[in-house]
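Shown next, in structure tokens, is the structure this report addresses.
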Amino acid sequence: MIDLHGYGPRLAEGALVTVEVAVLSLVLSVILGLLTASAKMSRSWFLHRLGTLYTTVIRGIPDLVLMLLLFFGGQMGVNVITDWLYYQFDIDIFININEFVAGVLTIGLIFGAYMGETFRGAFLAVEYGQIEAARAYGMNHWLVFKRVRFPQMMRHALPGLSNNWMVLLKTTALVSVIGLSDMVRIASEASKSTREPFTFMLLVGAVYLAIASVSEWGFARLQKRYSVGFGEAD
Amino acid sequence: MAATPLPLEVRNITKRFGETEVLKGLSLQAHKGDVITLIGASGSGKSTFLRCMNLLEQPNEGELLVHGEEIQFKQTRHGREPADWNQVVRMRAKLSMVFQSFNLWAHMTLLENVIEAPVHVLGKSKKEAIEHARALLERVGLADRADYYPAQMSGGQQQRGAIARALAMDPEVMLFDEPTSALDPELVGDVLKVMRDLADEGRTMIVVTHEMAFARDVSTQVLYLHQGIVEEAGPPAEVLDTPRSERLKQFLAPKH
Amino acid sequence: MQALSEWFTELLADNTIFTAQTLGYYGSGLVTTVQLVFLSLIIGLVLAVPLAIGRSSQRRWIRTPIFLYTYVFRGTPLLIQLYLIYYGVVFFDGIQETWLWVLLEEPFVPALIAFTLNTAAYTTEIFRGAIKATPRGEIEAARAYGMSRRLMMRRIILPSAFRRALPAYGNEVIFMLHASAIASVVTIMDLTGAARFIYARYYAPFDAFLFVAAIYLCLTFAILYLFRYLEKRLLAHLKPLEQ
């Protein structure tokens, strides 16, 4: 058994933090992605431009820079707003942009842009005849979306979604830089104090690979489910 | 045996894909200037037979002689394989193939396609190869397309270009694998015309085709294949005009 | 020219953060970032070509180790790889006494090693995909015309695979530019390092980070346009002519 010098429990806690950050960012990014995709496909010139601006700018800036900006700048920005609310309307609220919030917000924001592209491509890949048929049977807008467009879109979106998730998972390592005690930060501290970087870094690397492998399996199953009636999963 | 060796001789080729035997002992002798046409329904094994001749498919049994030189085989775990790949490479350089889907190299211009193998396989000088290539492109009516990429040409042009590429090797035998099957009907004529010219010139050719008029007019010998065996063979007048078997009669009957 | 420089001096005089000195920090940060990214991409590219050929080999003992390498380096965060090599070097007993220490003392070299290994892994997989996507017919034609494996690789498969890999490789270059920001974590004064330094000094997050974000954005667009231009030139052969 490898000697973790008593860092075992803290590493386990760190792993939990990593998974929490990853899952919450994923949820946020999927919501943002769906919104972005609809904005980009909308007939409104303004929404279309807004969506394009968001995806272009986000994809042009390093994740770390965005995270530092949100973490260090976010609190300042929020303080300006809350101060204004207090002096103007006597509303006293306190919003704390801590490492966790900043991390999830940044990663969600970044991957929202990528998810937007994935979903847009997937929606466009659904044959128009399918939607027409649903309308012809009297389905309303929401029903068409829920019963036909969404399930068919998912089949096309899943490969991209799975890919984004794998990249997102690795991006969570950056939260260690702004001070959140995820498993990378704990491993880094442990490496320095025990002078055994190989033990800890390789272990954490293995945990990332394990999470990736489990999710790969999960996505393969989902793909199978959404490919019902389309022959082989592509 | 004749004093000069035959350009190509094939003896008793068999080929299995898994359990199915697609070629059941086929033989063929090509003399200099022969135009041998292989006809038959799809699945009869005619393309596989042709592809065995330059070892794009490995026959399970049988012998193969190119210009009198017998190809050596050895048994391995994966089945029979050529014993000496250098020999295969040498032999392939003497037989050049024209494919159904042209298979021109997409990242090279037509001229580059034509000089590629002469320069890098035969070791010709680039200057000499280019001169020869230009003459060949002229011959197939593509002199003005030398600097085009394959994707920029029609199917018929690509196939004529592919024939120029094959000619550039100065091959002993040319193998044609359904050269007109992937073409739009109006483009077939130009390709067939080039092939007729080659036959008139005395080229040794083995052609898998569905073009019965070509088989009748041009070939010296027709082989009708059915389920991996040669069912009928002989001069075109004999095989095509007085078929003996019921199957060949049906195969040749005009289709509506 | 005179007017321009006056205007510029005035502009700088108006604020306390963007002085000639801080702009100097950003400038040298830019140089460090470009060096780091450019060197790791070049070395990674050179490594990736033979690795991709080996990865496509039919021999398992060649294929499998390369697969494991790309799997591990693509499946784990670059930050971990950086830490592993950076701390690994620092804590490697006795290394301080050898001549290697001259090279490894600066964090630049461990970072360069980590980035190179990372991009080589991604590039290997990009090339492998492109090699695998070579049209079967073109390979068959090469075989039928008497090309040996080696010649076919050199003349047919690689030239067409490189062209096909171009769009994906463009993304990898942008990815490396962005990923290089973590060099600042191991005390390298790259662009992000400069921004962090200036933030710490003036406590002005927006000025420090928005400015550097804008520089990255410009670099990203420059790379994007470069690759678009390359694609236009090198992928011209795949487009049919307009009739």
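Side notes on the structure shown:
- Across the range B:179-189, coupling constants 3J(HN,Hα) worked out from phi with the 6.51/-1.76/1.60 Karplus curve, θ = phi - 60°, read x, 10, 5, 8, 9, 5, x, 6, 9, 5, x Hz, and Gly and Pro carry x.
- Residue by residue along B:96-109, Cβ atoms of other protein chains within 10 Å of the local Cβ number 6 on average.
- Taking only protein heavy atoms and a 1.4 Å probe, the accessible area of the protein assembly as shown is 60% carbon and sulfur.
- The trypsin sites (Lys or Arg not before Pro) of the range A:1-87 that DSSP puts in a loop, and whose beta carbon has at most 12 other beta carbons within 10 Å, are A:43.
- Accessible area that becomes buried as B packs against C, both chains, 1.4 Å probe, Å², nearest 100: 2300 Å²
- Considering only alpha-carbon pairs that sit under 8 angstrom and 6 or more positions apart, the relative contact order computed for chain B is 26 percent.
- For peptide C:206-214, the mean count of partner chain Cβ atoms within 10 Å of a residue's Cβ comes to 5.
- Against the compact-protein benchmark of 2.2 N^0.38 Å, the Cα-based radius of gyration of chain B scales to 1.01.
- Inter-chain shielding of C:133-141 (mean C-beta neighbours from other protein chains, 10 Å cut-off): 6
- For the range A:20-182, radius of gyration divided by Kirkwood radius, i.e. Rg to Rh on alpha-carbons: 1.07
- The range A:190-211 and the range B:98-113: distance between their alpha carbon centers, rounded to Å: 52 Å
- A viscosity of 1.002 mPa s and a temperature of 20 °C, combined with the Kirkwood radius over C-alpha pairs in the Stokes-Einstein formula, give chain C a diffusion coefficient of 103 µm²/s.
- Mean Cβ count within 10 Å, highest first, over the residues of peptides A:156-169, C:183-196, B:100-113: C:183-196, B:100-113, A:156-169
- Seen from all directions on average, the range B:208-251 presents a Cα convex hull projection of 2.9 nm².
- Checking every one of the GluC sites (Glu not before Pro) in the range A:143-234 against DSSP loop status and a limit of 12 other Cβ atoms within 10 Å picks out A:232.
- Chain C contacts chain A over a buried accessible area of about 3100 Å², both sides summed; the probe is 1.4 Å and only protein chains count.
- For the range B:102-170, relative contact order (Cα pairs under 8 Å, six or more residues apart, normalised by length) works out to 48 percent.
- Residue-normalised accessible area of the protein assembly as shown, expressed per residue, 1.4 Å probe, Å²: 50 Å²
- Whole-number percent relative contact order across the range C:27-234, with pairs defined as alpha carbons under 8 Å at least 6 apart: 28 percent
- Taking only the Cα atoms of the protein assembly as shown, the radius of gyration and Dmax are 33.2, 113 Å.
The values are calculated or read from the model by the stated rules, or taken from the named source; none is laboratory data. Just so it is clear, the model here is predicted, and its values are computed rather than measured. As a convention, Cβ positions derive from the backbone with ideal geometry for all residues, glycine included, and neighbour counts pool all protein chains shown. When the accessible area is computed, the model is the full protein with side chains, heavy atoms only, and any ligands, DNA or RNA have been set aside. Shrake-Rupley method; radii C 1.70, N 1.55, O 1.52, S 1.80 Å.
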